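Any read-out appearing in this document is the output of simple, stated calculations on the displayed coordinates, not a laboratory observation. Computed from a prediction, not measured in an experiment: that's the story for all the values here. No Cβ is skipped: glycine too gets one built from the backbone with ideal geometry, and neighbour counts run over all protein chains shown.
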C-alpha cells in the first residue's frame with residue numbers, strides 16, 4: 001500500500017548569527033541546513049510518516065551536511081551530487097530580538113539545477129502524497145519543469161497532490177508567480193498559501209474566506225489559507241474549517257508554514273478528518289516557533305500535547 005510522502009527541492013546550508021545585532025559584527029555563527037521541502041519532510045517523519053525527499057547538492061562539505069542531516073532524521077534522501085555546482089547557502093541575521101533577515105546565495109547552485117531525472121521513475125507513482133512548492137518552480141526552468149512533470153505523473157497515477165505557493169520575492173516577480181500558480185492550482189488536491197500569497201494567485205487582496213474561495217474557483221479541491229498568529233482557514237467543497245493559532249511564545253517563526261503543511265499532510269495520510277488535520281498543523285507550526293531554527297523544534301507525535309499540558313515538568 002502506498003503510504004509515503006514524496007517531496008523534492010533545494011535544501012541549502014544555513015549559517016545563523018548566534019547573537020542579536022548587525023551581521024557585520026557577528027563573531028560566531030552556527031551551521032545547519034534549511035529548505036522548505038526538507039522542512040516538510042522532516043516534520044512529517046517526526047510525526048511517524050514515511051517520507052522520501054529528492055534533491056541536488058554540490059560535491060562539497062555543505063552538500064554532505066545537507067545529505068547527512070536529512071538522512072539522520074529518518075527521511076529516505078535520494079540525493080544527486082552535482083560535480084559542477086556548489087551547494088546553496090543562506091545566512092540568517094537577527095537584527096533585533098523581534099526581527100530577522102535571511103540572505104540567500106543560491107544563484108547557479110546545485111539545487112537550482114534540479115531536473116526531472118532527479119525524481120526517479122516509479123517514485124512518484126508509488127507515493128501516497130506528492131508535495132511540491134512554488135519555491136522550486138522559481139529557481140530555474142529545469143526546476144519548474146521538474147515540478148510540472150512530477151505533478152503530471154502524480155495525476156496520471158492517482159496520487160494526491162499538495163502544492164504550497166511559498167512565494168519568494170527574491171526569486172520571481174508576482175506576475176510570473178501568478179502565471180505558474182494558475183497553472184498548478186487546478187492540478188492540486190490541496191493548496192496551501194499565506195493570505196498574501198493567495199492574493200497573488202487570485203489577483204486581489206481580500207478576506208481569508210474570499211481568498212480560499214478564489215483558490216477553489218481556480219481549481220483547487222481544497223484550499224488552506226495560513227494566517228500566522230491568526231490561525232488558518234480551509235475550504236473543502238462548500239465547507240469552511242477555521243483553526244485558531246496555538247498560543248506560544250514565538251522565538252523564530254521561520255519554517256512555521258512548512259511545519260503546518262507537515263502536520264496537515266501527516267494527518268491526511270493517517271486518514272484523519274479535516275478538524276484533526278488543521279489542529280495538528282497549527283500545533284506543529286507553534287512548536288517550530290518556540291525554538292530557534294527552521295526545523296529543529298519540530299515535534300514527535302507523542303509531544304503534540306505538550307503545548308497544552310498543565311504540568312510543566314514531566315517525569
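Quick notes
- A protection proxy built from the mean count of other Cβ atoms within 10 Å ranks the segments 205-217, 240-252, most packed first, as 205-217, 240-252.
- Helix-only arithmetic for the chain: the sum of -39500 (n - 2.57) across DSSP H runs with n ≥ 4, divided by the residue total, places the mean residue ellipticity at 222 nm at -10500 deg cm²/dmol.
- Between the stretch 245-285 and the stretch 25-84, the alpha-carbon center distance in angstrom: 21 Å
- Choice from 80, 97, 283 showing the highest fluctuation, given a GNM over the chain with Cα pairs closer than 10 Å: 97
- One quarter of the convex hull surface built on the alpha carbon atoms of the stretch 130-214 amounts to 5.0 nm², the projected area averaged over directions.
- Ranked by how many other Cβ atoms sit within 10 Å of their own Cβ, fewest first, the residues 51, 147 fall in the order 147, 51.
- Global geometry of the stretch 26-101, whether rounded, prolate or oblate, following the gyration tensor of its Cα atoms and the 1.5 cut on a/c: oblate
- Mean shadow area of the chain over all directions, Cα convex hull, nm²: 16.2 nm²
- Hydrodynamic radius of the stretch 25-177 per Kirkwood, over alpha carbon pairs, in Å: 16.5 Å
- Cα-based shape type of the stretch 81-154, given that a ≥ b ≥ c are square roots of the gyration tensor eigenvalues and the cut on a/c is 1.5: prolate
- Working ranking of peptides 267-278, 39-50 by packing, defined as the average number of other Cβ atoms within 10 Å per residue, highest first, is 39-50, 267-278.
- Cα gyration tensor shape for the stretch 163-315, rounded if a/c is under 1.5, else prolate or oblate: prolate
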